[in-house]
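What follows is a single structure, written as C-alpha cells, with notes after it.
The values are calculated or read from the model by the stated rules, or taken from the named source; none is laboratory data. Every value quoted in this text rests on a predicted model; they were computed, and no experiment measured them. Quick reminder, even Gly has a Cβ in these numbers, built from the backbone with ideal geometry, and neighbours come from all protein chains shown. Heads up: the accessible areas ignore ligands, DNA and RNA and are worked out on the full protein's heavy atoms, side chains in. Shrake-Rupley method; radii C 1.70, N 1.55, O 1.52, S 1.80 Å.
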Amino acid sequence: MDLQLKNIKLNLEFSEETIMFHADVFANGKKIAHAKNEGCGGCTFYYPYENQQETLKEAEKYAKTLPSIFFSMGDKTHELEMDLECWINLEIEDYMNAKKIKRIL
C-alpha cells in the first residue's frame, strides 16, 4: 500500500507541545481520511471520508506492518511500534523539517 499525506497545513505559531496541522491521508492515490492535531500535546486524530471506512481500516492494518522506531533514553533502548497515527506524525515532522531546510538554503 502506498500511503501519503497531502494538502498539509501547518500552524507553528499556535503549536504548543505538538505540531498543529491539518492534512489529508491518501492510500494508493485515493483520499481516504482527514488528519489533524490541535497542537496542545494531545493525540493526532484522523477521520475517514465518506465511504472510506474500509480503506482506512486497511491503511491502519498496513501501517502496523511498517518497521518500529527505536530510540535511546538514558542507557535504555526503547521500541515504538508503528501505527497510522505514528506514521502521520513522522510524516508531518519530515514535512516540517524539509520546509525549515528549504528556508535555510
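Selection of region 41-54 for residues being open to solvent by 40 Å² or more (accessible area, probe 1.4 Å) and more than 16 Å from the chain's Cα centre (by Cα) yields Y49, E50, N51, Q53, E54. Name every residue in region 1-26 that is under 29 Å from N51 (Cβ atoms), among the aliphatic types (A, V, I, L, M) and more than 13 Å from the chain's Cα centre (by Cα), in order of residue number. Of everything in region 1-26, just one residue is under 29 Å from N51 (Cβ atoms), among the aliphatic types (A, V, I, L, M) and more than 13 Å from the chain's Cα centre (by Cα), namely M1. Here the condition is being of a type in the set (S, T, N, Q) and exposed (fewer than 10 other Cβ atoms within 10 Å of the Cβ); of S72, S15, it holds for S72 alone.
The set of residues in region 75-101 that are of a type in the set (A, V, I, L, M, F, W, C) and either surrounded by 12 or more Cβ atoms within 10 Å (Cβ to Cβ) or touching a residue at least 60 places away in the same chain (Cβ under 8 Å) (or both) comprises M82, L84, C86, W87, I88, L90, I92, M96. Of all the residues in region 19-56, those that are in contact (Cβ under 8 Å) with a residue 40 or more places away in the chain, closer than 13 Å to M96 by Cα and not in a strand (DSSP E or B) number 1. Among the listed residues F45, F70, identify the single one that is farther than 15 Å from E91 by Cα and of a type in the set (F, W, Y). The conditions single out F70.
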